[in-house]
Amino acid sequence: MKKKTTKTHNYPSQHATILDWIRFLALRLADANLSFENGMQNPYHEAEYLTAFAFSIPMQSLDSSLNTRPPPHARELMEKILDQRIRQRLPAAYITQEAFFAGHRFRVDPRVLIPRSRIENLFDDANGFADLVSLPDTPVLLDLCTGSGCLAIALALAFPRATLHASDYSSQALEVARINVDQFALAHRVSLFEADLFAGLPPIRYDMIVTNPPYVSKATLENLPREYLHEPALALGGGETGLDLVGRILRQAKDFLTPEGVLICEVGDEGEETLMNLWPDFPGEWIYFHFGGSGVFTLEPSCIPEKIML
Ligand SMILES: C[S@@+](CC[C@H](N)C(=O)[O-])C[C@H]1O[C@@H](n2cnc3c(N)ncnc32)[C@H](O)[C@@H]1O
C-alpha cells in the first residue's frame, strides 16, 4: 500500500530571502483548505501581502526586496501569521487591519464587514454613477448600513461637493467608521448615525441612497467558510430568504428620496435570483458589471410600488 505523506514545508533556512519566505507561506496557505474569498483571492497573493506585513515591508517595495534577507526574528513573525491565518482562520484583512476599497485604504477589524461591495465597480469610471442618476450641484447622499464607512467615504471623495449621511445599527461598526472618517479628514462632510435602517435618520430626502445591506440567506449563512464567522453576524444574515432588510428598505425608501433621486441597492447573485423568483415583475433595473454579473439594482421613487413582494 502506498504510504500517505503529509506535506510539512519546512521553515526556510537562516540564509533564506524574502522570496523564499513568500513561497513557504504560499505553500502553507495553499495546503490549508482556506477560503480566500474575503481576502486576496489566491494563496500566492495573500502570501506576498502577509509576508510584507509580517516583515514590515511596504507593499510598494516588496518587488525590490525579494532577494534581501528578512528581519532576524523572521520565524517568530511568520509563526504568528500562520497561527492567525491557518489555525484561527482569520481573514487577511483582520490580521493587517486594513482593506482597500475604490482605491482607498480603510481601517477594518472584526467590528465591521471587510469591504467588498460590488458597488465599488461604479467608482472605476467617474461616470458610473452619472449614468444612473442626475445629481444636483451640492447633493445630499445616504449610505445606509455603512459598516466601515467605505461607501460613504468613497462617495464623499468622488463627489467633493456632496454631503454624506452614513448609518448603521451597530454602534461598534460606527466606531470603526468614525476612525475612517477622521482618517480621511471628512468629518465636516460625512455624518454618522446610529439607526435601525431609516429610524434614527433626520427627516430629509436624499438625492441618492446607496446601500449594501446584509443579504445572506439562512441556508447560505449556515455553510459559509470559517473566515466569514469572524465578520459580524449582523453584517451578513438577511433572514430566511436573505431579503428581510431589502424588503424593509423598499417599504421606506420612497419617503427618503427626492423625486429625481435613486436607490442603489446590493443583494448579491443569490439575492437577485431569490428576488426575481419572489417578484417576477420587480420594477428595479439591474446594473450589469464588466465581470458579467449584477446583484445590484437601482430604483427610482416613482417606480416603487405600494405593495412590496418581499
Ligand atoms: C453587508 S454590511 C455592509 C457594510 C459596508 N457598507 C460595506 O459595504 O462594506 C451590512 C451592514 O449593515 C448593518 N446593519 C444590519 N442591520 C441593520 C439595520 N437594521 N439598520 C442599519 N444597519 C444595519 C451591519 O451592522 C453592517 O455594518
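Quick rundown of the values:
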read-out: Pair list, Cβ under 8 Å, 6 or more apart: the stretch 241-266 residue over 22 Å from ASP131 (Cβ atoms), other residue among the hydroxyl-bearing types (Ser, Thr, Tyr) and part of a helix (DSSP H, G or I); value: THR241/THR274; GLY242/THR220; GLY242/THR274; LEU243/THR274
read-out: Sole exception among (1) more than 25 Å from PHE100 (Cβ to Cβ); (2) more than 8 Å from the ligand (Cβ to nearest atom) for ALA233, by number; value: (1)
read-out: Where a residue in the stretch 269-281 is farther than 15 Å from ILE304 by Cα and its partner, wherever it lies, is among the β-branched types (Val, Ile, Thr) and not in a helix (DSSP H, G or I), with Cβ under 6 Å and at least six apart; value: THR274/THR241
read-out: Near pairs, Cβ below 9 angstrom, 6+ apart or cross-chain, from the stretch 289-310 (within 16 Å of VAL246 (Cβ to Cβ) and in the same structural domain as VAL262 (by TED's automatic domain parsing)) to any residue that is of a type in the set (Val, Ile, Thr) and at pLDDT below 95; value: THR298/VAL133
read-out: Elements of type helices (runs of 4 or more DSSP H) contained in the stretch 54-127, each with 3 or more residues being crowded, with 19+ Cβ neighbours inside 10 Å; value: 74-82, 92-96
read-out: Residue list for the stretch 230-240, filter: without any contact (Cβ under 8 Å) to a residue 60 or more places away in the chain and surrounded by fewer than 16 Cβ atoms within 10 Å (Cβ to Cβ); value: ALA233, GLU240
read-out: Boolean, SER148 is within 18 Å of the chain's Cα centre (by Cα), surrounded by fewer than 24 Cβ atoms within 10 Å (Cβ to Cβ) and within 10 Å of the ligand (Cβ to nearest atom); value: no
read-out: Cβ pairs under 7 Å, 6+ apart, first in the stretch 205-216 and modelled with pLDDT of 95 or more and among the β-branched types (Val, Ile, Thr), second more than 8 Å from the ligand (Cβ to nearest atom) and assigned to a loop (DSSP other than H, G, I, E, B); value: VAL216/GLY238; VAL216/GLY242
read-out: Residue, nearest to SER35 (Cα to Cα), within the stretch 195-212, restricted to residues that are in contact with a strand residue (DSSP E or B) (Cβ under 7 Å, 6 or more places away or on another chain) and within 9 Å of the ligand (Cβ to nearest atom); value: ASN212
read-out: Answer residue from the stretch 11-44, given it is modelled with pLDDT of 90 or more and of a type in the set (S, T, N, Q) and is surrounded by the most Cβ atoms within 10 Å (Cβ to Cβ) among those; value: THR17
read-out: Enumeration of residues in the stretch 171-189 that are surrounded by 19 or more Cβ atoms within 10 Å (Cβ to Cβ) and within 13 Å of the ligand (Cβ to nearest atom); value: ALA173, LEU174, VAL176, ALA177, ASN180
read-out: Qualifying positions in the stretch 112-163 - over 18 Å from GLU98 (Cβ atoms) and among the acidic types (Asp, Glu); value: ASP124, ASP125, ASP131, ASP137, ASP143
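The values are calculated or read from the model by the stated rules, or taken from the named source; none is laboratory data. Quick caveat: nothing in here was measured; it's all calculated off a predicted structure. Note that each Cβ is placed from the backbone with ideal geometry, even for glycine, and that neighbours are counted across all protein chains shown.
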